1. For segment 80-338, what log10 I(q)/I(0) values come out of the Debye formula at q = 0.08, 0.10, 0.14, 0.16 1/Å, with one point per alpha carbon and no solvent?
2. Between 40, 315, 369, which gets the highest mean-square fluctuation from a Gaussian network model of the chain, Cα cutoff 10 Å?
3. Local charge sum around residue 367 (other residues, Cβ-Cβ under 10 Å, Lys/Arg +1, Asp/Glu -1)?
4. Which residue, 39, 114, 408, has the most motion in a Gaussian network model of the chain that connects Cα atoms within less than 10 Å?
5. When a/c is below 1.5 the answer is rounded, else prolate if a/b is larger than b/c, else oblate, so apply that to segment 232-307 with a ≥ b ≥ c taken from the square roots of the Cα gyration tensor eigenvalues.
6. So what is the relative contact order for segment 106-178, in percent, with contacts set as C-alpha pairs under 8 Å and at least six apart?
7. Along the charge dipole of the chain, Cβ charges K/R +1 and D/E -1, which of 42, 384, 189 sits furthest on the positive end?
8. List the lysines whose Cα lies under 17 Å from the Cα of residue 355, skipping any in the same chain that are fewer than 8 positions away.
Amino acid sequence: MDRRKFLRSSGFAIGLTAALPASLAASNKKKSIIDDPKPLDGSWESVRSQFLLDTSHVQMAQMLLASHPKPVRDAIQRHRDEYDKNPVLYWEEAGEKAEWDVAKAAARYMNVQPEEIALTDSTTMGTAILFAGMKLKPGDEILSTTHDHYVTDMSIDYACEKTGATVKRIDEYKDPRTITVEEVTSNIANAITDKTRVVMVTHVHSCTGVKLPIRAIADVVEEANASRSTEKRIYFAVDGVHGFGNQDEDISAMGCDFFSAGTHKWIFGPRGTGVLYGKRDAWDFVSPTIPAFSMNPYIMWMGYPPQGEVTFNQLISPGGFHSFEHRWALNTAFDFQMEMGRSNVHQRTTQLNTKLKEGIKNIKGVDLLTPMDPNLSAGINCFIVGKQSARDSVKHFHDRNVIASSSPYRISYARLTPCVINTDGEVDESLNVLEDISRI
């Protein structure tokens with residue numbers, strides 16, 4: 001197999017660079033950036049005004065990497081200025097409070113406790129340190145799926161290599177177009193065995209746009225746990241990044257034990273930030289992988305007893321020197337989300353994506369894979385244009401100034417992913433471009 005040809009045709013590349021055509025840099029439109037932020041007044045126009053968007057392009061791929069709203073940009077700059085003035089003193093004096101402010105803001109948004117939030121740099125880091133720290137042993141089994149991302153698959157494989165555990169991967173559904181809740185829960189329930197110690201799923205699939213019924217899956221796990229001893233308990237973990245910031249769900253009510261998500265996508269947080277949630281009664285199942293820089297682990301290393309409870313936040317948040325001006329600005333992104341209103345964001349996301357899917361369904365020669373039902377989909381819409389490869393379809397979009405993306409899997413699909421910064425007019429424009437592309 002020609003490796004380079006495979007990467008290009010599938011879109012399977014770190015950062016999706018293989019899916020981005022060279023023509024993007026040579027757009028036939030001049031950049032048009034409007035810097036005129038308006039106070040949030042309940043309108044989506046005021047939300048959009050907070051972003052320095054290049055309006056010569058329709059941004060339909062911010063599910064990969066989002067623009068920063070003004071409060072986040074300002075917070076990053078404020079921290080950067082303080083670091084430039086007096087880096088060591090600022091780190092020593094501001095660090096502990098700044099990190100705790102981020103954990104508290106994340107906890108408010110997720111409706112969990114800040115002690116349950118570890119700060120990470122990405123979904124990748126969160127998922128990797130979660131599986132690297134799981135206290136698995138030979139004979140244990142991880143139940144995963146064929147719809148998970150490369151990062152999830154490899155994090156599980158590495159954990160199995162180290163611990164002697166095994167992995168079983170199943171299809172949660174046969175066809176994303178016809179998926180049902182009962183199909184998903186039955187497939188997972190039937191795959192659980194006496195060996196199962198972890199069930200790992202992805203909330204919203206970037207390969208198909210399917211949104212899994214996480215609460216219903218949690219019920220399956222809870223039912224299996226009802227007849228098990230504590231030592232045989234099944235832990236339920238979720239890669240939640242593509243529902244995090246567009247769905248109106250309390251993480252505490254979803255029923256999972258662990259939840260990993262980057263915050264530089266739908267949350268509009270600083271690039272290089274993320275969170276890993278660990279439910280309090282699941283903390284004992286995970287050991288730290290990267291030494292933390294919080295006080296309790298450090299004084300315990302020094303030989304002193306901890307000051308109070310040693311929390312998931314203190315123990316699992318990776319230490320080291322991060323891009324602190326970004327990390328410490330993350331609380332402003334959660335505050336921005338709360339000001340917009342989680343329910344409002346969910347409703348607007350649903351409205352834009354329903355409009356898009358209805359339009360796609362009406363274009364001859366375009367096959368929509370993502371379910372129409374908003375209970376089984378979120379903000380990712382995958383489709384096939386005739387006999388075009390996903391890469392070619394994305395190139396056609398970019399040539400027409402619509403920023404689309406392709407899914408980085410063995411079978412790749414073109415994607416459009418509107419969020420609350422998009423307008424109804426941009427959805428219409430994207431559909432017009434898609435109709436044009438369908439005739440190629």
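1. Here the Debye-derived log intensity ratios amount to -0.32, -0.49, -0.95, -1.21.
2. 40
3. +2
4. 39
5. Values: a/c = 2.83, a/b = 1.50, b/c = 1.89.
Judged from the Cα gyration tensor, segment 232-307 comes out oblate (a/c at least 1.5, b/c at or above a/b).
6. On the way: 70 pairs, mean separation 22.6, N = 73.
For segment 106-178, the relative contact order is 31 percent.
7. So the residue furthest toward the plus end is 384.
8. 364
Bear in mind these aren't lab numbers, they're just calculated from the coordinates by the rules spelled out. Values in this document were obtained by computation on a predicted structure and should not be read as measured data. We place every Cβ from the backbone using ideal geometry, glycine too, and count neighbours over all the protein chains shown.
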